[in-house]
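The values are calculated or read from the model by the stated rules, or taken from the named source; none is laboratory data. Note that the coordinates shown come from a computational prediction; the quantities given were computed from them, not determined experimentally. Glycine also receives a Cβ, built like all others from the backbone with ideal geometry; neighbour counts cover every protein chain displayed.
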Amino acid sequence: MTEKIIAFFDKMQRVDRRVIYLIVALSIIIPLVIPFNSPTYTEEPTENIYKKIDSFAGQSNKAVLLSFFHDASTMPELFPMEVSVLRHCFERNIKVFTICFTPAAAPLVDYAINTAKENYDVKSGVDYLNFGYKPGALFLPIVLGMGEDISEAVDTDSEGRKIKNLEIMKDIKNYDDMNLVIDFSGSGSALSWVTYARAKFGANVAAGITAVMVADNYPYLQTGQLLGMFRGLKGAAEYEKLVDVFASYESDEYPNGRPFSKEVIKSIEVPITESNITYIDKDTGVVTDTGIPSNYKYKVARIGMNAQSVAHIMIIVFIILGNIGFFVTRKKNDGL
Amino acid sequence: MFEIISNTVAAFFTLSIFSFLYKDNPFYRFAESLLVGVSMGYAIPLVYENAFIPYVYTPIFLGHRFSLIFPAILGILYSFRFSKNLSWLARYPIVFGMGIIGMSVPMSIHSSVLVQMRSAMLPLNTINSVLIFIGTVTILLYFFFSKDHKGVYGKFTNVGVWFMMIGFGASFGYTVMARISLLIGRIQFLVGDWLGFIK
């Protein structure tokens with residue numbers, strides 16, 4: 001029996017890496033094609049961003065700036081975050097600006113805005129404004145300049161219009177008004193906003209980052225220099241749920257979305273397999289079908305997290321098997 | 001129709017890149033080279049349109065702000081990198097850039113050193129603060145190489161090593177999550193957008 005186990009692990013140790021790739025690929029494909037409902041737990045770094053943005057609702061002298069500092073390679077993690085934040089702003093009538101400093105990000109900004117605004121009656125220059133691509137060499141003058149006067153620092157938007165003449169700029173002058181900057185990147189660029197916009201002007205800065213960069217950015221979150229942080233695909237999934245549960249909620253009591261509540265988010269699940277946005281109260285078991293179609297693009301991160309969970313389980317199993325195999329075969333080799 | 005064609009082209013190149021997992025092949029190399037070419041081809045006109053025209057051509061030739069000729073010349077010096085004899089000229093714009101970076105030093109010290117130190121000096125009234133305190137001190141001791149890591153001192157530095165190992169583990173876990181997320185994104189495209197199996 002022992003010999004059989006040793007032979008099994010011996011074989012496992014020599015398994016072709018391409019077999020592992022295939023198993024990991026299948027563990028991702030199957031949950032995507034056959035989705036299932038798994039709970040999404042929201043955490044403070046994501047909730048803080050939601051609460052801050054939501055506090056701007058309906059205020060003409062408050063706005064959010066989204067900085068796109070990435071290319072298509074990090075889209076799977078960052079794009080759902082961007083769409084969710086834009087959707088939150090459109091849903092709650094919050095002014096939102098976008099900017100990018102890398103050429104490859106320019107089409108992604110348009111893509112994110114077009115994806116998010118499909119179901120909303122919003123206008124460029126009134127409800128949102130894309131400052132467009134600005135050369136990376138101008139990052140510093142623009143970030144510092146926006147602390148004094150945004151319309152001087154940026155001058156024109158992506159369509160070449162003078163921004164100071166646009167309706168959206170009414171009551172918006174500098175970081176006192178555009179009081180939250182969210183930097184989406186697969187690098188440490190959020191630190192640049194912390195260094196210049198926060199340290200010099202006291203702007204609130206948050207980061208939407210790929211999971212690889214999370215550990216590097218935690219010290220800034222812990223010190224409060226980052227107001228919040230979207231942590232990879234998980235962060236995007238959390239925000240999708242927050243928007244579904246609060247911002248897009250409609251009732252007689254709350255016709256334009258309900259306020260954030262820790263108790264509500266803990267007790268409500270939004271199943272991704274339903275065709276309409278549906279709330280399940282975990283405490284009472286009450287199911288509420290809102291009748292609002294559940295759009296695939298607004299739950300793409302939560303569907304992705306299902307696959308993520310299965311893939312992680314597979315990887316953990318491989319690590320455990322690999323270690324057992326290592327010790328079993330070492331014992332055998334030592335015995336020789 | 002356009003969407004079907006564009007998705008099929010994107011799927012072909014995605015699969016060409018994935019084919020490297022089996023082994024290196026001409027499809028992979030073709031897709032890789034095309035990516036570099038397309039990125040550059042896209043960036044050059046965009047930079048010309050959004051940097052050169054509004055910040056060099058328009059102000060100098062239409063706005064007659066001739067003082068901008070000097071920074072424009074400084075920028076042009078970068079192109080001497082390609083000349084064997086005159087490549088030294090490219091050092092001037094680089095030096096200028098380094099000077100600009102120097103401007104950020106005081107603010108970087110504030111956000112990356114002073115604020116971090118302040119938050120490591122909180123009262124030890126929670127488990128988190130105690131862990132941060134022990135971790136910071138023992139890791140700093142580990143990087144103090146003027147004393148042999150032996151005896152009681154060695155035991156402290158060992159604790160620092162454990163903290164670092166936990167940190168590396170967390171980093172690695174997040175890296176795995178990031179890489180799997182990228183694969184999920186591509187598979188969502190292949191299986192959903194291209195083949196239409198995800199509804």
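Name the residue, out of A:33, A:24, A:19, that is within 13 Å of another protein chain (Cβ to nearest Cβ), in contact with a Phe, Trp or Tyr (Cβ under 7 Å, 6 or more places away or on another chain) and at pLDDT 85 or above.
Values: A:24 fails: in contact with a Phe, Trp or Tyr (Cβ under 7 Å, 6 or more places away or on another chain); A:19 fails: in contact with a Phe, Trp or Tyr (Cβ under 7 Å, 6 or more places away or on another chain).
On inspection, the qualifying residue turns out to be A:33.
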Say whether the condition of being more than 14 Å from chain B (Cβ to nearest Cβ), under 24 Å from residue B:41 (Cα atoms) and either among the charged types (D, E, K, R) or surrounded by 15 or more Cβ atoms within 10 Å (Cβ to Cβ) (or both) is met by at least one residue in the range A:100-112. yes
Name the single residue that is surrounded by the fewest Cβ atoms within 10 Å (Cβ to Cβ) among those in the range B:16-35 being of a type in the set (A, V, I, L, M, F, W, C) and within 12 Å of chain A (Cβ to nearest Cβ). B:21
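From the set of residues in the range B:134-153 that are among the small types (Gly, Ala, Ser) and surrounded by fewer than 15 Cβ atoms within 10 Å (Cβ to Cβ), which is nearest to the chain's Cα centre (by Cα)? So that I can check it myself, show each step before the final result.
Applying the first criterion (among the small types (Gly, Ala, Ser)) to the range B:134-153 yields B:135, B:146, B:151.
Checking which are surrounded by fewer than 15 Cβ atoms within 10 Å (Cβ to Cβ) leaves us with B:146, B:151.
Values: B:146: 34, B:151: 41 Å.
Only one residue tops the list, namely B:146.
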Flagged in the range A:183-214 as in contact with an Asp or Glu (Cβ under 9 Å, 6 or more places away or on another chain) and part of a strand (DSSP E or B), in numbering order, are A:184, A:205, A:206, A:207, A:208, A:209
Condition set among the aromatic types (Phe, Trp, Tyr), out of contact with any helix residue (DSSP H, G or I) (no Cβ under 7 Å at 6 or more places or on another chain) and within 14 Å of chain A (Cβ to nearest Cβ), scope the range B:141-178, selection farthest from residue A:305 (Cα to Cα): answer is B:168
Quick one: residue A:284 ticks every box in (1) in contact with an Asp or Glu (Cβ under 6 Å, 6 or more places away or on another chain); (2) outside the structural domain of residue A:141 (by TED's automatic domain parsing) bar one, so which box is it? (1)
Which one is farthest from the other protein chains (Cβ to nearest Cβ) among residues in the range B:89-127 that are assigned to a helix (DSSP H, G or I) and among the polar types (S, T, N, Q)? B:112
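Does residue B:153 count as in contact with a strand residue (DSSP E or B) (Cβ under 9 Å, 6 or more places away or on another chain), at negative phi and free of Cβ contacts under 8 Å to residues at least 24 places away in the same chain? Walk me through how you get there before you give the answer.
On the way: in contact with a strand residue (DSSP E or B) (Cβ under 9 Å, 6 or more places away or on another chain): no; at negative phi: yes; free of Cβ contacts under 8 Å to residues at least 24 places away in the same chain: yes.
No, not satisfied.
Every residue, every condition in (1) without any contact (Cβ under 8 Å) to a residue 12 or more places away in the chain; (2) buried (at least 20 other Cβ atoms within 10 Å of the Cβ); (3) of a type outside the set (Phe, Trp, Tyr); (4) not assigned by TED's automatic domain parsing to the domain that holds residue A:129, yes or no:
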| site | (1), (2), (3), (4) |
| --- | --- |
| A:183 | no, yes, yes, no |
| A:201 | no, no, no, no |
| A:227 | no, yes, yes, no |
| A:240 | no, yes, yes, no |
| A:253 | yes, no, yes, no |
With the first residue restricted to the range A:73-88 and required to be at the interface with chain B (Cβ under 9 Å from one of its Cβ atoms) and free of Cβ contacts under 8 Å to residues at least 24 places away in the same chain, and the second required to be surrounded by 24 or more Cβ atoms within 10 Å (Cβ to Cβ) and part of a helix (DSSP H, G or I), Cβ contacts under 8 Å at 6 or more apart or on different chains are none
Residue pairs within 9 Å by beta carbon, gap of at least six or interchain, first lying in the range A:135-149 and within 11 Å of another protein chain (Cβ to nearest Cβ), second loosely packed, with under 14 Cβ neighbours inside 10 Å, listed first then second, are A:137/B:97; A:140/B:100; A:140/B:103
Take the residues of the range A:174-233 that are more than 15 Å from residue A:67 (Cα to Cα), among the polar types (S, T, N, Q) and more than 7 Å from chain B (Cβ to nearest Cβ): which is farthest from the chain's Cα centre (by Cα)? A:174
Exactly one of A:253, A:274 is closer than 22 Å to residue A:41 by Cα and away from chain B (no Cβ under 11 Å), and that residue is A:274
So which of B:114, B:122 is under 28 Å from residue A:199 (Cβ atoms), of a type in the set (A, V, I, L, M) and at pLDDT 90 or above? B:114
